Structure formats: C-alpha cells, structure tokens
Amino acid sequence: MTLLQAAPAPHQQEPGQANAVLDIRGLTVRLPRNADRPHAVENVSLKVEPGELVCIVGESGSGKSVTAYTVMGLLPKGDLTPGAGQVLLEGEDVLKASAARLRELRGTRMAMIFQEPMTALNPVLTVGDQIDEVLRIHTSFGRAERRAKAVDIMAAIRLPEPERLYDAYPHQLSGGQRQRIMIATAMVLDPHLLIADEPTTALDVTTQAQILALIKDLQQRRGTGVLFITHDFGVVAEIADRVAVMQHGRIVEEGPAAEVLRRPQDAYTRMLIAAVPSLTPTPRKPATGPVALEAVGLTKTYGRAGPFRKGRVVRAAENVNLRVRRGETLGIVGESGSGKTTVARCIARLMEPSAGAIRLGEADIAGLSETRLRPHRRRVQIVFQDPYRSLNPRRTVGASIIEGPVNFGLRHEEALGRARSLMSLVGLSPDVLDRYPHQFSGGQRQRIAIARALAMEPEILIADEAVSALDVSVQAQVLELLEDIKQRFDLAMLFITHDLRVAAKICDRITVMERGIVVEEGATAEVFAAPKHAYTRALLQAAPGHGFAFGEVAG
C-alpha cells in the first residue's frame, strides 16, 4: 500500500478551533519608505478551508507572493513588516509566533513549494538527504525509519524508482522530478496547509498537468488546504475551488472559481482574463513572400562512441526540415528536450550543427567559419527568454542597443539615433537609454531586448520562449508588438515556445518536435483543429484549462 492509499482522513479541528485551516484577517504589510507605494499588502482577508484549493492570481507586484511569505514567516527582516491584521493557522496567530515556534510549524502544520526547485534545493545534498532533514528535525524516527518514510512519499508522488532516486542529486533529475521532490519535502509530514508559489510556471505542459493533478490529488485525499499562487488563468480554470484576484496589494475580487472566470465583476479581473490567449487559433492566409530561411536535414549530435571509446550519442535534433517566408511566423513547440531550442541556436549559429544546411536566401551558413560567417550575423537575431540575463547589468540599455550596429560599422551618432527610434517603436521613451536593466520591469526589459535585436536590421528574428516569464497582460502587449514588428519590417520569425496558447495567438504555421524529431507540421489552425500525431494531441490535452473557452467570457 502506498502512502497515498494509506492517507488519513481529512484533518479534524480541535474543539474551540476555527474551521478554516488558514484565516487571514485584515493583513497589511508595509514597504520600505522609498518604495512606489506604502504597502505591499493592504487589508487582505482570505480563508482556506480543509480540503479546499484557493488560487491567488495577479500580476507581478500585486502582493500575492508577499501574502504567502507572510503566512510562512519568511519575510525579509527590515524590508517588509506586517503592520496590521492576523494570520491564523488553525486558530494560532503566526504573526505573534516566535522564531522557534515558526520552525516547529513549518513542515508539520504548514509547508511551501517554491517556484524554482533548482534554487530551493541544495545542490550538494542528495534529494533523499533533503527529505530526511525535515524528518530529522521534526520527528524522533531512526535513520532507517526516516529513509523508509522518505521513499514512501517519493513513491506516493509517483517518482520512478524512488529507492534509486533517493541517492540522486538535484542536477541529475529533470525539472518535473525536481518539483516532485519539492512536493515530497513539503508533504512528508502531512501538513494541514500547503502553499504553492508558482510551482508550474517553468514546466512543460505535460509535466505541468502531472504536477497540478498531483497537488489536486493530495489535497483531496488528505484534506489538505492549499493556497496556490499563480498568474496563469489556465491553471486557475484547471484546479481552483475559489479564486482571489489581487492588484496593488489589495484583493479586488474573490469567489468560486467558475463564477469569477465566467462572470468577472471587477474591471481588472476582466482585463486579465481577456489577455489570456485562446487555444483556438485565428485562421491566417498563407504567407507568399520569398523564403528567408530554410533548414534542410539539420542535425545536432552530442557525444561520441567508438571501438576505443565508451559513450552515449544524443541526437538533440535529427533531420529537421523547415522553411520560413518573409512576413511569416513559424512556431516550434514541444517539451524540454524536444530539440526546439537546439534548432534555434543552430540556425542563429550560436552552436555548430553536426549536419545539414541552413540557408539564408542563397547562402548556406551551416559550415561557414567564424570569419566567413560574420557578415551574415546581423541577418539573424535572437530574443532570449530572460532579458535580465541577456542584457549586461553593468551597461546602460543604450550602450547594449548600439553595440551591434557600431561593431558592424555604423557611426556612433547614427546608431544612437536608431536606438532612440527603436525605443519609441517598442513603446518606451528614448530618454531612458542611459538607465540600467535593473531599473526596468520584466516586460520593459523584454521590449529593450527586442529593440536591441532590431537595431541590427535583421531579416530573421528568433524569439526563444520570449514571453514565457511575463504576466498575461504584459505577455499580450509583447505578442502584439512582435506581430506589429513582423509586419512593419516584413520579417521572417521563428517562435520557440512550450505554451500552446501563445503559439495559437501568434504563429501562422506550427512545427511540433519530440525528442529531436519533427512529428507534425502545418498551418496552426489546422494542426490545432485536427492534430494527426498522438504527441500533438497529448500536448493539446495537457494545456491547463484546455476545456475553458477564455475568448467567450462575459465582459
């Protein structure tokens, strides 16, 4: 019998306790004096009942994560300070608890799953040791009993070969497996309250669907109250019992998930839901412009094996054929490891392909040396997923934008004039060119990254998960910007994504990759309406909220 099968009945409240697992009453958290507003969270009241899953949704800066960290007692000291209200965990006010008492409560009665498991997990300890640490601190179990308990919870969350994985390190696991380890660590002592802070944002749709189903299953089987932080309304439609919408630190709307999603009352809620792309693509006319990019038999192989060498050969991309015309957006979709980013990086010649041709017009750039490749560099530009990592934090954004054109011979004054024009084009003031990346929001930084790519006047623009980390409203703005830029400059665009809603919104045609191989391709509307390959059907079925028609929500 697995741990889930042997799970206890839903938690019973002690006599005299409130019914709610979590009861937040009038919570206010102050920001430092120089902040853009006085409070991170202001007069927030929210309940989570036993066996209930409550989603808090909102954009970056709305206060949803601050609320979660306040409940856990994890606010950074001196920066954020609770100024009013109560946070009752089964009747006990955690705002009044000592540091020692908070340590007792964490893991036993409340636990948290963080957004990025590779950051939250210790890279020098095995995952088994990290689950064991919770048991060692909070129980009197012996080592053998602790190991058995850890293996049981790993089996309960459906990790393969838990005995073997117990001794693995975080880097040896996939992203989905690492997130399951985070869930195992949080759930091993059967806490009454589970807080999940954006736990599926960076995961593929199929892995995301598995994690969401797992959390929902644990919640229902164990009677755990779950507070789920997200900006993804697809996730809300998939799992939430109730939803609270936050804006600028306040709850602007709250109610049953179906009611809020179908009949939102607040203008902010309506705006957020309207920004969610539909899974039904708009039919588009086939592009008729000249072919700007063609890949023929593109292959990328890692590793070597031979009679005197042991090794494993990995074909990250195998015999990939694709073609993009001017004025057309070709989407490449697939899970992590499908080869989509490898193809993009080979086309941009950020890595050298093992075989095949990459044609920009008449020129095949696949086998060119760096010296002969240099004149073609400006023709293909790429916008990466994380603009904060791709922009130099020690250089002004103006210096980053003009660097490429100046290196290719444009005079400094002309390059600066081009940069000012591009800033206006992407919706930012030219007067901010002397600022640094950290002085902008995530959406603004992505606009700057787009301006930097356009400064080279490319023929082909590659967007590699360029909107996956953005809030839905900012994402919608950036997608509209990319569409406008494509038409204005008659660009060929290669759009890499694992978000099928985004692909439906922006792509004329779609290429589906699985394990380095193209398994399906065609017009986006046709592939989404009648997918031919089982893998494509699985991706569409796994998209969170795939049964909810966001485009039909009442205004």
Task: Members of region 498-523 that are assigned to a strand (DSSP E or B) and not basic (Lys, Arg) - done: 510, 511, 512, 513, 514, 517, 518, 519, 520, 521, 522, 523
Task: Hey, residue 201 surrounded by fewer than 24 Cβ atoms within 10 Å (Cβ to Cβ) and of a type in the set (S, T, N, Q) or not - done: yes
Task: Cβ pairs under 9 Å, 6+ apart, first in region 366-382 and under 13 Å from residue 404 (Cα atoms), second of a type outside the set (A, V, I, L, M, F, W, C) and part of a helix (DSSP H, G or I) - done: 377/404; 378/404; 378/405; 381/404; 381/452; 382/345; 382/390
TODO: Please tell me if residue 410 is under 21 Å from residue 486 (Cα atoms) and either under 26 Å from the mean Cα position of the chain (by Cα) or not charged (D, E, K, R) (or both).
DONE: no
- [ ] Could you check, for region 171-190, whether at least one of its residues is farther than 21 Å from residue 228 by Cβ, more than 22 Å from the chain's Cα centre (by Cα) and surrounded by 22 or more Cβ atoms within 10 Å (Cβ to Cβ)?
- [x] no
Task: Residue list for region 109-153, filter: over 20 Å from residue 214 (Cα atoms) and polar (S, T, N, Q) - done: 119, 122, 126, 130, 139, 140
- [ ] Give the number of residues within region 114-169 that are outside any loop (DSSP other than H, G, I, E, B), in contact (Cβ under 8 Å) with a residue 40 or more places away in the chain and of a type in the set (Ser, Thr, Tyr).
- [x] 0
- [ ] Within region 27-84, count every residue that is part of a strand (DSSP E or B) and either out of contact with any strand residue (DSSP E or B) (no Cβ under 9 Å at 6 or more places or on another chain) or not aliphatic (A, V, I, L, M) (or both).
- [x] 11
- [ ] Kindly indicate whether residue 365 is more than 26 Å from residue 441 (Cα to Cα), surrounded by 15 or more Cβ atoms within 10 Å (Cβ to Cβ), modelled with pLDDT under 95 and touching a helix residue (DSSP H, G or I) at 6+ places or on another chain (Cβ under 6 Å).
- [x] yes
Task: Single residue of 386, 464, 484 found to be in contact with a strand residue (DSSP E or B) (Cβ under 8 Å, 6 or more places away or on another chain) and within 30 Å of residue 272 (Cβ to Cβ) - done: 464
- [ ] Among the residues of region 362-378, write down those that are in a helix (DSSP H, G or I) and either of a type in the set (Gly, Ala, Ser) or within 28 Å of residue 417 (Cα to Cα) (or both).
- [x] 373, 374, 375, 376, 377
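One line per residue, one yes/no per condition, for (1) in contact with a His (Cβ under 9 Å, 6 or more places away or on another chain); (2) within 22 Å of residue 181 (Cα to Cα):
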| site | (1), (2) |
| --- | --- |
| 221 | no, yes |
| 240 | no, no |
| 261 | no, no |
| 272 | yes, no |
TODO: Kindly indicate whether any position in region 447-456 is touching a strand residue (DSSP E or B) at 6+ places or on another chain (Cβ under 7 Å) and of a type outside the set (A, V, I, L, M).
DONE: no
Task: region 527-549, residues that are surrounded by 15 or more Cβ atoms within 10 Å (Cβ to Cβ) and in a loop (DSSP other than H, G, I, E, B) - done: 531, 533, 543, 544, 545, 546, 548
Task: Test: residue in region 195-207 that is in a loop (DSSP other than H, G, I, E, B), on the phi < 0 side of the Ramachandran plot and in contact with a Ser or Thr (Cβ under 6 Å, 6 or more places away or on another chain) - done: yes
TODO: Restrict the check to region 142-151 and report whether at least one residue is of a type in the set (A, V, I, L, M), surrounded by 18 or more Cβ atoms within 10 Å (Cβ to Cβ), modelled with pLDDT of 90 or more and farther than 21 Å from residue 23 by Cα.
DONE: yes
Open item on the list: in contact (Cβ under 8 Å) with a residue 12 or more places away in the chain, of a type in the set (A, V, I, L, M) and under 19 Å from residue 379 (Cα atoms): is that true of residue 454 in this structure?
Closed with: yes
Open item on the list: Just to be sure before I move on: is residue 229 part of a helix (DSSP H, G or I), closer than 17 Å to residue 114 by Cα, of a type in the set (A, V, I, L, M) and in contact with a helix residue (DSSP H, G or I) (Cβ under 7 Å, 6 or more places away or on another chain) in the structure I sent?
Closed with: no
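The values are calculated or read from the model by the stated rules, or taken from the named source; none is laboratory data. Quick caveat, the model's predicted, so the values are computed rather than measured. With ideal geometry, Cβ positions are generated from the backbone for all residues, glycine too; neighbour counts draw on all protein chains shown.
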